[in-house]
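**Q** This structure is in structure tokens; I'll ask about it shortly.
The values are calculated or read from the model by the stated rules, or taken from the named source; none is laboratory data. Please read all numbers here as calculations on a predicted model, not as lab measurements. Don't worry about glycine lacking a Cβ; one is built from the backbone with ideal geometry, like all the others, and counts go over all protein chains shown. Protein only, heavy atoms only, side chains kept; ligands, DNA and RNA dropped before computing areas. Shrake-Rupley method; radii C 1.70, N 1.55, O 1.52, S 1.80 Å.
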Amino acid sequence: MEHLIALVQQYGLGLVFINVLALQAGLPLPAYPVLIVAGAYAATGGSPLWQLVSVGIAAALVADTGWYTAGRRFGMRILGLLCRVSLTHAGIRRQRNFGPASMLFAKFVPGFASVATALAGALRLNYLKFLLFDAGGAGLWVGVAVTLGYVFRDAIGGVVNTLSSLGRYGVMVVIAGFVAWIVFKWWRRYRFIKQLRMDRVSVDELREMMKGNAVQALVDVRSAITQAGTGKIPGARAIDMQNIAAGFEGMPVDGEVIVYCACPNEATAVKVAQRLQKLGFKRIRPLLGGIDAWIDAGFEVER
């Protein structure tokens, strides 16, 4: 903690910029500790709050513009990259709630910030409009952190003094906390990946099943926004993720149900499959590779 305080005192705005830039670029480096300490230090002669917020917004815009540009270049396929590199899939599942206004709060939701900015590019949102909403969200996110530090500076000072009195052990506590956070994220991802070890169906197999009318229900679990962007497999039905049971009401539970999403490891599709199993359905399988695998195979889509 002494080192963190020293870094904030010596580098101030530069440290805030690099930390926020790294986090918004996708690196697992929490920025709130630095922002809170910087806010507390602002009360005793450090950089004023308006400068901290301005630098934080600038850093976020640089990183977010990168995701926005990637979205414009690669389209909805950028979701596949996010699925592979993210330590959390929460943002991928929340993409159904995307709208320009969602960027005002995206940074408060783990995993959603990069998804929201990439989708903005993929959906060709006007760049100036993107900047307006993204800057507003970044300002709100940074502002909350530095304001907390400023208001509760005495409490933060007490923690710093306690850790300082511990000497090197205080530093070890901080490092251990950071390592524990990374391990926790990795463990959640590991458990999530284990959930994906289900009996999947390939696009070729699905094609043959559709020709033989062997599919009782083909379910597209993506949002209307992403469906409009890439199209959907002919005959697929959309469901409300918040009320899956209603979408399958009255349907026999013994037939073959195929679910697919945009994520290459079928993240959302597997979640839906698990819920359907709890409703009594016997045979639910995710589509291997999702909609991207279907399109890559050259099969038709409907819009």
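**Q** What are the equivalent ellipsoid semi-axes of segment 225-303, built from the alpha-carbon gyration tensor (square roots of five times its eigenvalues), in whole angstrom, biggest first? Before the final figure, lay out the partial values.
**A** Working: eigenvalues 97, 34, 28 Å².
Semi-axes, largest first: 22, 13, 12 Å.
**Q** Obtain the nm distance between the two label points defined at ALA238 and ARG283 by a simple spin-label model: each point lies 7 Å from its Cα along the Cα-to-C-beta direction.
**A** 2.8
**Q** Around ALA59, under 13 Å between beta carbons, what's the net of Lys plus Arg minus Asp minus Glu among the other residues?
**A** Working: positive: LYS107; negative: ASP64, ASP134.
Taking every Cβ under 13 Å from that of ALA59, the sum is -1.
**Q** Note down the net charge around ALA245, summing +1 for each Lys or Arg and -1 for each Asp or Glu among other residues with Cβ under 12 Å from its Cβ.
**A** On the way: positive: ARG275, LYS278; negative: ASP240, GLU249.
Residues near ALA245 contribute 0 overall.
**Q** From largest accessible area down, sort ARG237, ARG222; use a 1.4 Å probe on the protein chains.
**A** Numbers: ARG237 85, ARG222 10 Å².
My answer, sorted largest first, is ARG237, ARG222.
**Q** By how many nm would the segment from TYR11 to GLN216 lengthen if fully extended, with 0.36 nm per residue of separation less the alpha-carbon distance? Before the final figure, lay out the partial values.
**A** Details: separation 205, 0.36 × 205 = 73.80 nm, distance 6.16 nm.
Between TYR11 and GLN216, full extension yields an extra 67.6 nm.
**Q** For a quick protection proxy, order the peptides 12-18, 27-33 by their average other-Cβ count within 10 Å, most packed first.
**A** Numbers: 12-18: 18.4, 27-33: 15.9.
Averaged packing, sorted descending, gives the order 12-18, 27-33.
**Q** Excluding ligands and nucleic acids, what accessible area in Å² is computed for ARG77 using a 1.4 Å probe, to the nearest 10?
**A** For ARG77, solvent-accessible area is about 110 Å².
**Q** Further, regarding this structure: Using a cut-off of 10 Å between beta-carbons, work out the net charge of the residues near ASP220 (Lys and Arg +1, Asp and Glu -1, ASP220 not included).
**A** Values: positive: ARG222, LYS232, ARG237; negative: none.
Local charge sum for ASP220: +3.
**Q** Next question, about the same structure. From the C-alpha gyration tensor of segment 12-68, pull out the three semi-axes of the equivalent ellipsoid (sqrt of 5λ each), sorted largest to smallest, in whole Å. Before the final figure, lay out the partial values.
**A** Numbers: eigenvalues 90, 27, 8 Å².
The answer is 21, 12, 6 Å, longest axis first.
**Q** Grab the Cα-Cα distance for ALA101 and THR69, subtract it from 0.36 nm times how many residues apart they are, and report the gain in nm with one decimal. Please report the intermediate quantities before stating the final value.
**A** Details: separation 32, 0.36 × 32 = 11.52 nm, distance 1.90 nm.
Fully extending the segment from ALA101 to THR69 adds 9.6 nm.
**Q** A further question on this structure: Quick one: which residues, 5+ away or cross-chain, put their amide H under 5 Å from the amide H of ARG283? H built at 1.01 Å from N.
**A** Amide H neighbours of ARG283: VAL257.
**Q** What FRET efficiency do you get for ASP254 and ASP204 if R0 is 25 Å and r is their Cβ-Cβ distance, rounded to the nearest 0.05? Let's see the in-between values first.
**A** Numbers: r = 24 Å, r/R0 = 0.97.
The formula returns an efficiency of 0.55 here.
**Q** Given the Cα-Cα distance of GLN51 and LEU27 and 0.36 nm per residue of separation, how much length would full extension add, in nm? Can you show the working numbers first?
**A** On the way: separation 24, 0.36 × 24 = 8.64 nm, distance 2.37 nm.
Result: 6.3 nm gained on full extension.
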